[in-house]
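Worksheet for the structure shown next.
The values are calculated or read from the model by the stated rules, or taken from the named source; none is laboratory data. What you see is a predicted model, and the numbers here were worked out from it, not measured in a lab. Counting neighbours? That spans all protein chains shown, and the Cβs are built from the backbone with ideal geometry, glycine included. Surface areas here come from the heavy atoms of the whole protein model, side chains and all, with no ligands, DNA or RNA. Shrake-Rupley method; radii C 1.70, N 1.55, O 1.52, S 1.80 Å.
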Amino acid sequence: MEKEKEKEKSEKSSCSGDIEDHTETPRPWQSFHTVYTNAKAGMDGVNKEKVQRIVYDMSKGSKYFENEERKEAFMRQKIDNMCAHCAKLTPADISQYQKVADRRILELETKHDMSRIWLHVDMDAFYAAVETLSNPSLKGKPMAVGGMSMISTANYEARRFGVRAAMPGFIARKLCPELIFVPVDFKKYTYYSDLTRKVFQKYDPNFMAASLDEAYLDITDVCKERSMTSGEVAKELRTTVFEETGLTCSAGVGSNRLLAKVCSDINKPNGQFVLPNDRMAVMTFISSLPIRKIGGIGKVTEHILRDVFGINTCEDMLQKGGLLCALFSRSTADFFLSVGLGLGQTETPQVRSRKSISNERSFSSTEDEASFYQKLADLAEMLSVDMRKEGLSGRTLTLKLKTTTFEVRTRAVTLQKYICSSVDILKYASKLLKAELPVSLRLIGLRLSQFYADKAAAPADPTQKTLTNFLISGDASRESMVDSSSMGSIVNDHHFMNDTETGFSMGSHEACGYDGRDLLDSSHFPDLEDSNCAIGNNDGEMQKFHEPLNDENGNKVNTPERKSYQNAVSELKTDSSSVPFAFRSLDEENKRANLPDDDTVSSSNHGELLLWVNDYKCSLCGIELPPCFVEERQEHFDFHLAERLQKEESRCDTRMLRHRIAFFIFSLHITNI
Ligand code: DCP
Ligand code: MG
């Protein structure tokens, strides 16, 4: 880990004083970071730069590439803004914020719960291993499960070449010409997954399945009852899994789920790592742990923390606590500080309550207002039916619009009364829409949230072992339907926890920390409302500035988010009235500079005709991508978005195709599956 830390440090400088080396010849691929170039287990010895160069060369000129560059540019802009704000902080400001941070750290420290023992188990190269079981001739050969458009996973032999999950197959073949492709057979994986679950159940009847191949188990009781160490339990569990399935798995043990998950990756494949329930051991472990290892810290957050604050390891979070408190909202700063302290979830959630119900419809771009109202009426009707089916009524109605230029706007109204009738829904939705006209749209969506407390309870049993429930989203009753009419598609999502594809996100990915979502990635800002900080008390951070909430008469109202923001400001003011609340001014400055807002930039995250059938399978190409692979899903979606943009563009000007050969190859591959 030390080595990784040093490498990371030398890769990039931060605003906090490192010196950049400008003498090297330019290597554009070095800054082209995609999920494909992010190392997974078994990829330690891979020549990262070679992989980056190949991915760069093969994507260059495509819409996917342009989209990546656009996101990168926006991230850079964000980093520059934050650096500028850091620079404006006076030593007095910094010392005041340091006091705030010190106090928060002390408060958070009291949450250190060492009483539980958590085990995270993750199957090794799961799909690939299952395929090898049924075809032993694959053993020892580099192979990937998936096709030319996308790979679901690769065995460890293939990983040595840089081949990994979520990578397009044709890039993988370039990296490893000998690569054998095996098509996805989801039934098989479900069968083996069921077998593993039977084993898990013996150790913790309430185990939390995080995806088909991973689960969290509270083994505190089993250790006590059988007088076994956690390491012994882990070993026995892994042996039993092997006996029952013929498959190997890896395990991590820690005092909370966040730590257990990090640990299970350390000795992959077929290994385990135990982090003792001891505060000193946790702090030592955390001191060299690269931040990217933490669920919720993805590419964007990693870059921001590194380039703005010089934060590379989890421990650095504590050292830079003052700056983090100065630049971020309380909930986000708390999350970072709790990561620095190695805090994570220790309780098994008993119920998961539904947060919202929504639906949306995409269609060919149009400015026809009459058709907008017609679609709105249809959506209101469907939403009403869904609400009634669940016996719910809600108080906050959100209208989601996607413009022709892929800008995503959300407008919400919080009502005095709870509603569920289509008449009421349509009435308020129409008011919200009216304020946006004239506009050219390609998608309209509606969401009702803030349910009437008694009825909102309608819990999903987290221990119910249905396939859907097995997936971490906690969405036990999601239904989807596709309207194949010329109008486009209808996605009818019932949100228990979150939905990254639709952009209507309300909830936490409890079991996997942030479960792959990147905390500071604009695409996921809405999720901050209910983050997985060990300390709860989550207030929305940035979305509040972009999503004006209105009362029934169209006046702005104090949302819970806005209130907590105000609380945070006043709390800081209590600490020091002279300290500016840097984040607010940063955001305002962004607006003044007319930067694209978060939603605009994250348009790629919002499903255009794409939905995950059974929350698993891409409706466009059939690739199977579990919900907890959010970053991969994002990449996958970007890929389809790029494809669509390309098609639209080529309709306008077929000559453009000649200049987009690389992307055209992508498209061909997609249509071939
Ligand atoms: N998967 C997928 N698409 C992805 C990532 C994973 O379909 N982008 C599927 C295939 C994997 C399974 O989920 O086999 C489990 O994912 P893991 O991340 O646990 O990866 P593996 O089990 O394949 O490898 P390992 O856990 O050994 O790193
Ligand atoms: Mg696995």
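Here are the numbers:
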| item | result |
| --- | --- |
| FRET efficiency, residue 434 to residue 388 (Cβ-Cβ, R0 25 Å, nearest 0.05) | 0.45 |
| Cα shape, region 328-393, gyration tensor, a/c 1.5 rule | oblate |
| Inter-label distance, nm, simple model (7 Å from Cα along the C-beta direction), residue 90/residue 423 | 6.1 nm |
| Gain on full stretching of the segment that runs from residue 381 to residue 347 - 0.36 nm per residue minus C-alpha separation | 8.3 nm |
| Pairwise FRET efficiency - residue 452 versus residue 134, Cβ, R0 = 35 Å, nearest 0.05 | 0.10 |
| Entries of 188/617; 139/293; 48/174 with Cα pairs more than 19 Å apart | 139/293 |
| Derived scalar couplings ³J(HN,Hα) [region 254-266; Karplus, 6.51 cos²θ - 1.76 cosθ + 1.60; whole Hz; x for Gly, Pro] | x, 7, 8, 5, 4, 5, 4, 5, 4, 5, 5, 8, 5 |
| Convex hull per residue volume in Å³, alpha carbons only, for region 92-230 | 191 Å³ |
| Solvent accessible area, Å² - residue 447, 1.4 Å probe, full protein context | 20 Å² |
| Potential extension, residue 288-residue 115 segment - 0.36 nm per residue separation minus Cα distance | 59.9 nm |
| Fully extended contour minus Cα-Cα distance, from residue 228 to residue 370, at 0.36 nm per residue | 44.2 nm |
| Beta bridges per DSSP with both ends in region 132-224, % antiparallel, nearest 5 | 65 percent |
| Gap separating the Cα centres of region 382-432 and region 249-323, nearest whole Å | 40 Å |
| Distance violations [Cα-Cα > 32 Å] among 50/78; 78/261; 78/268; 198/268; 235/355; 389/434 | 78/268; 235/355 |
| Region 98-106 - phi-based ³J(HN,Hα) in whole Hz, Karplus 6.51/-1.76/1.60, Gly and Pro as x | 4, 5, 4, 5, 4, 5, 5, 4, 4 |
